[in-house]
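Since the structure comes first, as structure tokens, the remarks are kept for the end.
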Amino acid sequence: MTRFRHQVASDVDLFSRALLEDPYPVLRELRDLGGAVYMRQHDFYVLTRYEDVRRADRDWQIFTSARGVALVPEINASQIGGVLASDGPEHDSLRAVLREQVSPRAINKLRGDIDRQAAELVDALIPLGTFDAVTQLAQRLPVQVVADLIGVPDEGREKLIPGADAAFASFGPLTPELQERLPYLVAFLDWIAEVGTRDRLRPGSWGAAVLDAVDEGRLPAEKAFPLMRAFLVAGMDTTVNGIASMLRVFAERPDVWEEVRNDPKLAGAAFEEALRLESPVQGFFRETTCDVEIDGTTVPAGSRVCLHFGAANRDERHFVDPDRFDLHRGSLDHLAFGNGVHGCAGQGLARLEARAIVLALTERVTTFELAGSPVRHYNPVIRGLQELPIAVTTRATAEGVRS
Ligand code: HEM
């Protein structure tokens, strides 16, 4: 029992409503408490300091994903062998299937098309004057873009946002709220099984490339749907909430909006800083393959360990004044996309989508302000918003008001 001598523990429930509302003061306390803190509620260790999270994320031999990246065994059992929940050669072969499609060269070719789609969305919103930037903007672009890339038909795409939300929620504790969400996950899984076939997928799409890999013997047939699903799920709430958090900053900080409007090249910096400050994926789990010592605490082999990207990205040991949005921070080393072999496969695409929205807005909109209170969306893993009411004016509308 001596190995528990230095164990640092907490009774906080990281998945309670209060904590999902505002986790940051408690995350700071956890960072100060120790490098690895045992969470008595739900029985796991949490890593909250930047260096520890980064190191663990890169060390897949000790912090394995191959036993699942969710909290509970039932969900982990269903994940095992997928791209998120595998390691080593098995994981490499899954990542290889769409490697060409997500390469910077291929993603760059999508730029014109994504810019055009973002411009069309913003053009349709401007005449309204006020709109919900979550459901009418931040959710729209990723659904269009990712569903088009995977090559699934238009019909049924309304299942994507609630299905992805439920999929991410299943990474947390088994709660009554999760039970309520599960039918959306089932509807999404049924739909992808129905449309993820050669005759329904657009030729040349990412989905078709997954089926090509099966035909060429590079991917076992039973892994095709899970791989398509992984990309569809991973490309939804993550990007939606990264964009929504950035738009919230624009609405609440006129100085930031003005600066980005005058210099749209700052779009990238604005997105990275929003991701650092409000990491859409707050944390994923790993399992230790051996006893490992972190900051004087021995985390025993076989422990569930949460790599808390959201806490690491506000670690005062790494970032100066970490709770402040700083457009000029240059925070490209944040961990919102993870790090190491499981680092986000779609980060180039997410950046392109966010940039397209910023460009569409800065080219058209003069003032960008809150038109009501933002409403939080509660998900144990994803940090995001349900609603973000926005009022905009353009030069034309401002002149119209004056005349
Ligand atoms: C702002 C948007 C996004 C954020 C914040 C985000 C975040 C993440 C994070 C934290 C991980 C796990 C990294 C780790 O464990 O080290 C991940 C993995 C992944 N992401 Fe993203 N993601 C975003 C957008 C996307 C998009 C647009 C796609 C594709 C359409 C995508 C596809 C994936 C895939 C396939 C993985 C699994 C990688 C693996 O396990 O090897 N993501 N993402």
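Quick one: grab the alpha carbon gyration tensor of the range 196-258, order the square roots of its eigenvalues as a ≥ b ≥ c, and give me rounded if a/c is under 1.5, else prolate or oblate depending on whether a/b is larger than b/c.
Prolate shape, in that a/c is at least 1.5 and a/b is the bigger ratio.
Would the range 65-134 count as rounded, prolate or oblate if I go by the C-alpha gyration tensor, calling it rounded below 1.5 in a/c and otherwise prolate when a/b exceeds b/c, oblate otherwise? Since a/c reaches 1.5 but b/c is at least a/b, the shape of the range 65-134 is classed as oblate. Given their separation in residues at 0.36 nm each and the Cα-Cα distance between them, GLU258 and ASP212 gain 11.8 nm when the chain is fully extended. Taking other residues whose beta carbon is less than 9 angstrom from the beta carbon of HIS377, and scoring Lys, Arg as +1 and Asp, Glu as -1, yields -1. Taking only protein heavy atoms and a 1.4 Å probe, the accessible area of the range 56-202 is 56% carbon and sulfur. For LYS265, go through the lysines and keep the ones whose alpha-carbon is under 30 Å away, minus same-chain ones fewer than eight residues off. Those lysines meeting the cut-off are LYS109. Subtracting the Cα-Cα distance of ASP43 and ARG198 from their residue separation scaled by 0.36 nm leaves 51.5 nm. The residues of the range 264-332 present an accessible area of 34 Å² per residue when probed at 1.4 Å with all protein chains retained.
The overall shape of the range 254-309 is prolate: from the C-alpha gyration tensor, with semi-axes ordered a ≥ b ≥ c, the ratio a/c is 1.5 or greater and a/b exceeds b/c. Taking each residue as 0.36 nm, the span from VAL320 to GLU51 lengthens on full extension beyond its C-alpha to C-alpha distance by 95.4 nm.
Rounded to the nearest 500, the helix-only mean residue ellipticity at 222 nm of the chain stands at -14000 deg cm²/dmol, with each DSSP H run of n ≥ 4 adding -39,500 (n - 2.57).
Summarising the amide proton neighbourhood of ALA133: residues at separation of 5 or more, or on other chains, whose placed amide H is nearer than 5 Å comprise LEU388, ILE390. In sequence order, the range 39-52 has phi-based couplings of 9, 5, 6, 6, 6, 8, 9, 10, 9, 10, 8, 3, 5, 5 Hz under the Karplus curve 6.51 cos²θ - 1.76 cosθ + 1.60, θ = phi - 60°, and Gly or Pro positions carry x.
Scattering from the range 2-402 was approximated by placing one identical point on each alpha carbon and applying the Debye formula without solvent; log10 I(q)/I(0) at 0.07 1/Å stands at -0.32.
Relative to the Cα centre, the charge distribution of the chain, modelled as +1 at Lys and Arg Cβ and -1 at Asp and Glu Cβ, gives a dipole magnitude of about 440 debye.
Of the peptides 58-65, 106-113, 269-276, the order by per-residue mean of other Cβ atoms within 10 Å, starting with the highest, comes out as 269-276, 58-65, 106-113. For GLU100 and HIS328, the FRET efficiency from 1/(1 + (r/R0)^6), where r spans their Cβ atoms and R0 equals 35 Å, is about 0.50.
Here the 3J(HN,Hα) profile of the range 54-71, calculated from phi with Karplus coefficients 6.51, -1.76 and 1.60 at θ = phi - 60°, is 4, 5, 5, 5, 7, 9, 6, 5, 8, 9, 7, 9, 5, 9, x, 10, 9, 7 Hz, Gly and Pro shown as x. Ranked by solvent-accessible area (1.4 Å probe, protein heavy atoms only, all chains present), the residues ARG304, ARG40, ARG355 order from largest to smallest as ARG40, ARG355, ARG304.
Summing charges over all other residues whose Cβ lies under 14 Å from the Cβ of ARG116, with Lys and Arg as +1 and Asp and Glu as -1, gives -2.
If I model a spin label at ALA396 and VAL341 as a point 7 Å from the Cα along the Cα→Cβ vector, what separation in nanometres do I get? Here the answer is 5.4 nm between the modelled labels. Converting phi to 3J(HN,Hα) with the Karplus coefficients 6.51, -1.76 and 1.60 and the offset θ = phi - 60°, the range 267-281 yields 3, x, 4, 5, 5, 4, 6, 5, 5, 5, 6, 10, 3, x, 8 Hz in sequence order, with x at every glycine or proline.
The values are calculated or read from the model by the stated rules, or taken from the named source; none is laboratory data. Since the structure is predicted, the reported quantities are computational estimates derived from the model, not experimental observations. Quick reminder, even Gly has a Cβ in these numbers, built from the backbone with ideal geometry, and neighbours come from all protein chains shown. Surface areas here come from the heavy atoms of the whole protein model, side chains and all, with no ligands, DNA or RNA. Shrake-Rupley method; radii C 1.70, N 1.55, O 1.52, S 1.80 Å.
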